[in-house]
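Working notes, structure below.
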Amino acid sequence: MANNETILVTGGCGFIGCNFVRMMINKHPEVEIVNFDALTYAGNLDNLTDVMDSSQYHFVRGDIQDAALVSKVIADYEISGIINFAAESHVDRSITGPKVFIDTNVSGTLNLLQQANEHGIKRYLQVSTDEVYGSLGATGAFTEESPLCPNSPYSASKTAADHFVRAYHHTFGLDTIVTRCSNNYGPYQFPEKLIPLMFNNARIDKPLPVYGDGANVRDWIYVNDHCEAIWAAFTKGTPGEVYNFGGASERNNLEVVKAILSYFNKPDSLIKFVKDRLGHDQRYAIDATKALTTLDWKPSVTFEEGLKMTLDWYSTNQKWIDNVTSGEYKSYYKKMYESEG
Ligand code: NAD
Ligand code: DAU
């Protein structure tokens with residue numbers, strides 16, 4: 001990346017986006033960042049209070065589906081690259097309300113690709129997910145060649161977006177990269193997701209709602225390792241290619257929840273097995289050989305180290321959790337977890 005380039009980061013007020021923006025401001029002073037975010041329930045300006053005064057950082061509130069605004073921002077800030085984090089990201093919400101997933105994840109991505117193409121953007125990176133590959137049995141791992149087999153409305157929308165990225169590369173020659181990462185955890189994750197939700201409940205002795213039998217397996221990666229991987233792919237990746245990232249830390253949900261309880265010295269009796277998620281994917285595991293061998297990247301922390309850092313962060317940032325759980329979250333939680341009686 002040359003000096004003085006300006007990158008459009010969409011969804012920079014969400015969990016992974018804010019950690020990425022922070023990394024860029026702190027480690028890459030040669031790059032300016034325009035954070036373009038609609039500030040949905042998952043986006044929070046407070047996630048970036050420590051870097052918002054940097055001259056390297058600019059914020060625009062907007063929807064990635066808004067063609068005129070995206071076009072204006074690209075022109076005004078002389079954007080040379082786009083990294084698209086913006087998305088509806090929660091599987092459970094996609095089961096109860098899939099429409100907005102098509103709007104943001106598919107139509108929004110298509111609009112960004114169209115604007116990127118019209119403005120001659122040098123590189124477009126789509127932050128995708130391992131969920132596009134579907135679910136694994138007891139063995140094996142997803143490679144970039146694994147068939148796309150999405151099971152939830154969320155993963156179907158992300159897969160559709162990936163197809164549009166591929167098509168813009170093939171049809172228009174747009175320089176694109178797609179990254180597919182496994183489950184992230186770390187600071188600033190909205191407490192609808194497993195780890196911060198369980199932290200928040202364990203803290204106040206509220207039951208910990210484990211779906212089904214808790215045997216579903218995820219491949220956990222610390223969010224900063226994902227952010228480093230995205231930057232490595234953006235700066236070193238080959239146009240048109242897909243890169244898988246994972247943390248090489250497979251754990252089943254019960255193991256994760258028990259580790260959180262043991263952090264608090266609280267009993268496993270707080271675990272409550274609840275109705276399973278519809279269409280619940282059994283197991284994700286990533287083969288990251290391509291990224292490890294071609295991007296000069298590797299995960300830097302073990303799950304135990306990363307989980308301790310994460311739980312310590314939530315412990316010392318209780319005010320952040322209190323703020324994000326004060327509004328819409330309350331009715332979401334009631335509908336999701338308290339309607340069964
Ligand atoms: P998040 O839900 O925490 O944040 C999403 C951000 O996008 C929010 O700031 C929100 O305001 C913004 N946004 C939503 N709709 C928008 C729109 N129409 N226009 C502009 N901004 C909009 O999500 P996250 O967990 O940080 O995930 C970021 C990306 O990474 C997503 O594309 C997701 O699919 C992908 N991903 C997530 C994980 C994970 O474990 N969280 C793993 C792999 C890939
Ligand atoms: O694999 C990458 C994906 O990881 C990302 O693309 C998604 O954006 C991200 O949300 C995440 O999806 P998951 O569905 O795997 O994450 P979630 O935290 O919602 O759930 C993790 C596991 O925990 C899953 O097996 C469901 C289970 N779970 C989750 C919640 C919220 C429970 O058992 N109870 C819960 O209350």
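The values are calculated or read from the model by the stated rules, or taken from the named source; none is laboratory data. Quick caveat: nothing in here was measured; it's all calculated off a predicted structure. Every residue, glycine among them, receives a Cβ derived from its backbone with ideal geometry; neighbour counts consider all protein chains shown. Ligands, DNA and RNA are stripped out before the accessible areas are found, and what is left, the full protein with its side chains, is counted by its heavy atoms. Shrake-Rupley method; radii C 1.70, N 1.55, O 1.52, S 1.80 Å.
Before moving on, here are some points about what is shown:
- For region 147-186, the share of alpha carbon pairs falling in successive 10 Å distance bins from zero is 26, 46, 24, 3 percent.
- Of the GluC sites (Glu not before Pro) found in region 69-139, the ones in coil according to DSSP and having at most 13 other Cβ atoms within 10 Å of their Cβ are Glu78.
- Here is the result for region 112-179: no trypsin sites (Lys or Arg not before Pro) lie in DSSP coil with at most 12 other C-beta atoms within 10 angstrom of their C-beta.
- Take every Cα pair under 8 Å whose residues are at least 6 apart in sequence, average their separation, divide by the length of region 193-324, and the relative contact order is 38 percent.
- Where N is the number of residues in region 168-252, Cα Rg divided by 2.2 N^0.38 Å: 1.43
- Between Gly62, Gly97, Gly247, the GNM of the chain built on Cα springs shorter than 10 angstrom shows Gly97 fluctuating the most.
- Estimated translational diffusion coefficient (Stokes-Einstein, Kirkwood radius over Cα pairs, 20 °C, 1.002 mPa s) of region 1-85: 169 µm² per second.
- Under a 5 Å amide H cut-off, with hydrogens placed 1.01 Å from N, Phe190 pairs with Phe15 among residues at least 5 apart or on other chains.
- Accessible surface for region 184-229, divided over its residues, is 23 Å² per residue with a 1.4 Å probe.
- Kirkwood Rh and Cα Rg combined as Rg/Rh, region 112-264: 1.03
- When both region 259-316 and region 1-60 are represented by their alpha-carbon centers, they are found 25 Å apart.
- Based on Cα contacts under 8 Å between residues 6+ apart, the chain shows a relative contact order of 17 percent.
- P(r) for region 216-341, from all Cα pairs and a bin width of 5 Å, is 2, 9, 13, 15, 18, 18, 12, 8, 5, 1, 0 %, short bins first.
- Just so you know, the averaged projected area of the alpha carbon convex hull for the chain sits at 16.0 nm².
- Note: relative contact order over region 75-230, using C-alpha pairs below 8 Å and six or more positions apart, is 24 percent.
- Summing +1 for each Lys or Arg and -1 for each Asp or Glu among the other residues whose beta-carbon sits under 12 angstrom from that of Arg218 gives -3.
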